[in-house]
Amino acid sequence: MKSTKSNKLFLKAKKFIPGGVNSPVRAFKSVGTTPRFIEHAKGAYLWDVDGNKYIDYIGSWGPMILGHSHPSILKAINKKAKHGTSFGAPTELEVKIAELITKMVPSIEMLRMVNSGTEATMSAIRLARAYTGKDKIIKFDGCYHGHADSFLIKAGSGAATFGTPDSPGVTKSTAADTLNATFNNIDSVNKIINDHKFEIAAIIVEPVVGNMGCIPPKPGFLEALRAICTKQKIILIFDEVMTGFRVSAEGAQELYGIKPDLTTLGKIIGGGLPVGAYGGRREIMKLVAPNGPMYQAGTLSGNPLAMAAGFEMLSILNKNKSIYKHLEQSSKQIEEGFKDNFKKLNLNFVINRVGSMFTLFFTNNEVTDADSARMSDTNLFGIYFRAMLENGIYLPPSQYEAAFVSTEHTEILIDKTIRANFKSLKAVLHATK
Ligand code: HOZ
């Protein structure tokens with residue numbers, strides 16, 4: 001596969017942009033190659049500037065549930081753009097999308113739009129602190145909640161990919177307020193709470209982790225978190241930036257039947273445009289300015305183009321719940337196809353999947369938390385990633401990210417993916433001989 005133009009652009013980009021990219025993981029650094037510069041996308045496909053065509057399993061890191069360049073989402077954006085692109089003033093569409101989200105996700109009684117998942121999570125913990133009058137938060141080793149200072153402690157995603165789970169620049173005093181427990185291990189949560197009696201404002205969790213690769217919660221884990229938070233008057237925050245409207249119409253909270261106090265949402269509710277939101281119980285949300293004293297603001301919050309794209313996508317998902325059955329079926333087909341390939345090649349690698357999110361880990365042991373995810377051989381992942389790319393499959397370029405399936409991934413594309421997986425696993429085997 002030719003990558004002359006991409007390589008040229010990357011060389012030039014490195015002069016002006018740190019690492020040549022505007023978000024670290026997309027540099028392909030940890031998978032031993034250079035990024036493809038994307039020219040356009042449609043349905044399940046991406047085309048790069050060298051004319052290569054890929055079946056895309058990143059889907060802009062989650063939001064492309066209906067595939068790229070969905071006609072009615074594009075139409076909604078274009079129509080809105082004719083009326084102006086930003087006002088810094090309220091619009092009717094903001095009310096409509098807020099109403100729709102509260103209808104689709106009943107635990108969200110009120111919400112505030114922001115511009116990214118990072119803004120959503122940093123605002124949510126500020127709100128939890130304002131509401132409880134306590135300072136400390138509990139997060140989970142390997143979970144990633146964006147790049148605000150409070151979360152860059154034992155963080156997943158790019159931070160784990162590049163071996164910088166604790167970023168320099170985060171002050172000691174900020175870090176001291178973030179306590180890390182082990183995902184799927186309720187004893188680790190209880191221990192922290194016992195050691196810090198009456199100091200914990202919130203527990204924030206990815207209910208299905210996407211940022212150490214895909215890791216599902218063990219039965220009972222989220223239930224136990226809910227019970228502890230209720231008993232100890234701690235705010236339970238579900239970070240559903242990846243899982244909201246993806247693993248079901250109501251997100252992971254519906255799938256597992258747990259009601260968090262606050263939920264953070266991200267890119268998905270913008271249908272691919274930059275958006276985030278935090279919301280939850282009215283009693284807590286009432287503290288947000290100008291209703292209450294918890295300050296948070298943003299000129300571009302509720303941007304009309306983003307609201308138009310988001311409203312259109314959520315309306316489609318709300319009206320067509322069968323989409324989730326379809327996504328489950330096609331994603332299951334991928335899981336089973338990959339597992340079949342493992343058998344044929346006598347391999348015991350692990351594939352974790354929840355709905356249309358999945359990750360292949362290069363380890364023979366169950367992956368249930370950050371430590372077991374770290375057991376995965378990232379060198380093998382790199383070989384696999386490069387082979388898949390050569391075979392026209394565009395995967396997240398890190399072992400610590402989830403792949404996403406869209407409604408545009410048809411049977412034919414899935415068969416192609418399974419065949420490419422077979423060839424790429426053979427390349428992994430060959431390299432280890
Ligand atoms: N860390 C992001 C996903 N978990 C990557 C986003 C990007 O590079 O665009």
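Looking at (1) part of a strand (DSSP E or B); (2) touching a residue at least 40 places away in the same chain (Cβ under 8 Å), find the lone condition where Phe338 falls short.
(1)
Residue-wise test of (1) exposed (fewer than 13 other Cβ atoms within 10 Å of the Cβ); (2) modelled with pLDDT of 95 or more; (3) under 24 Å from the mean Cα position of the chain (by Cα).
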| position | (1), (2), (3) |
| --- | --- |
| Lys12 | yes, yes, no |
| Phe16 | yes, yes, no |
| Pro35 | no, yes, yes |
| Ile38 | no, yes, yes |
| Ala41 | no, yes, yes |
| Asn52 | no, yes, no |
| Gly67 | no, yes, yes |
| Ala76 | no, yes, no |
| Gly84 | yes, yes, no |
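Considering only residues that are part of a helix (DSSP H, G or I), among the small types (Gly, Ala, Ser), touching a helix residue (DSSP H, G or I) at 6+ places or on another chain (Cβ under 9 Å) and away from the ligand (no atom under 13 Å from the Cβ), which ones fall in the stretch 1-38? First the steps, then the outcome.
Here is the first cut: in the stretch 1-38, the ones part of a helix (DSSP H, G or I) are 4-16, 18-20, 24-27, 29-31.
Filter once more, keeping what is among the small types (Gly, Ala, Ser): 6, 13, 19-20, 27, 30.
Imposing the further condition that a residue be touching a helix residue (DSSP H, G or I) at 6+ places or on another chain (Cβ under 9 Å) reduces the set to 13, 19-20, 27, 30.
Ala13, the sole residue that qualifies.
Kindly establish whether Gly59 is within 16 Å of the ligand (Cβ to nearest atom), surrounded by fewer than 16 Cβ atoms within 10 Å (Cβ to Cβ) and at positive phi.
Values: within 16 Å of the ligand (Cβ to nearest atom): yes; surrounded by fewer than 16 Cβ atoms within 10 Å (Cβ to Cβ): no; at positive phi: yes.
So Gly59 fails the test.
Can you work out which of the residues in the stretch 62-85 that are in a loop (DSSP other than H, G, I, E, B) and at negative phi is nearest to the ligand (Cβ to nearest atom)?
Here is the first cut: in the stretch 62-85, the residues in a loop (DSSP other than H, G, I, E, B) are 62-67, 69-70, 82-85.
Now restrict to residues that are at negative phi: 63-66, 70, 82-83, 85.
Details: Pro63: 11, Met64: 12, Ile65: 16, Leu66: 19, His70: 19, Lys82: 29, His83: 29, Thr85: 22 Å.
By that ranking, first place goes to Pro63.
Working only within the stretch 188-224, note down all residues that are more than 16 Å from the ligand (Cβ to nearest atom), more than 21 Å from Ser123 (Cα to Cα) and under 21 Å from the mean Cα position of the chain (by Cα).
Step one: of the stretch 188-224, the residues more than 16 Å from the ligand (Cβ to nearest atom) are 188-203, 216-224.
With the extra rule that they be more than 21 Å from Ser123 (Cα to Cα), the set shrinks to 188-198, 216-224.
Those that are more than 16 Å from the ligand (Cβ to nearest atom), more than 21 Å from Ser123 (Cα to Cα) and under 21 Å from the mean Cα position of the chain (by Cα): Pro216, Pro217, Lys218, Phe221, Leu222.
State yes or no: is Ala41 closer than 26 Å to Val247 by Cβ, within 16 Å of the ligand (Cβ to nearest atom) and aliphatic (A, V, I, L, M)? Write out each step before concluding.
Working: closer than 26 Å to Val247 by Cβ: yes; within 16 Å of the ligand (Cβ to nearest atom): yes; aliphatic (A, V, I, L, M): yes.
Criteria met by Ala41.
Listed residues Ile235, Ile258, Ile203; which is closer than 21 Å to Glu328 by Cβ and at pLDDT 95 or above?
Answer to the selection: Ile258.
Give the number of residues within the stretch 138-172 that are of a type in the set (S, T, N, Q) and surrounded by 23 or more Cβ atoms within 10 Å (Cβ to Cβ). Lay out the reasoning, then the answer.
Of all residues in the stretch 138-172, those of a type in the set (S, T, N, Q) come to 150, 157, 161, 164, 167, 171.
Narrowing the set further to residues that are surrounded by 23 or more Cβ atoms within 10 Å (Cβ to Cβ) leaves 157, 161.
Result for the stretch 138-172: 2.
Restricting attention to the stretch 370-383, does a residue exist that is part of a loop (DSSP other than H, G, I, E, B), buried (at least 24 other Cβ atoms within 10 Å of the Cβ), out of contact with any strand residue (DSSP E or B) (no Cβ under 6 Å at 6 or more places or on another chain) and acidic (Asp, Glu)?
Here is the first cut: in the stretch 370-383, the ones part of a loop (DSSP other than H, G, I, E, B) are 375-377.
Next cut, buried (at least 24 other Cβ atoms within 10 Å of the Cβ) only: none.
Within the stretch 370-383, not a single residue is part of a loop (DSSP other than H, G, I, E, B), buried (at least 24 other Cβ atoms within 10 Å of the Cβ), out of contact with any strand residue (DSSP E or B) (no Cβ under 6 Å at 6 or more places or on another chain) and acidic (Asp, Glu).
Just to verify a result, which residue in the stretch 149-187, among those that are more than 13 Å from the ligand (Cβ to nearest atom) and hydrophobic (A, V, I, L, M, F, W, C), is farthest from Phe385 (Cα to Cα)?
Ala176
The values are calculated or read from the model by the stated rules, or taken from the named source; none is laboratory data. Only a predicted model underlies this, so the values are computations on that prediction, with no experimental measurement involved. FYI the Cβ positions are ideal-geometry reconstructions off the backbone, even for glycines, and counts take in every protein chain you see.
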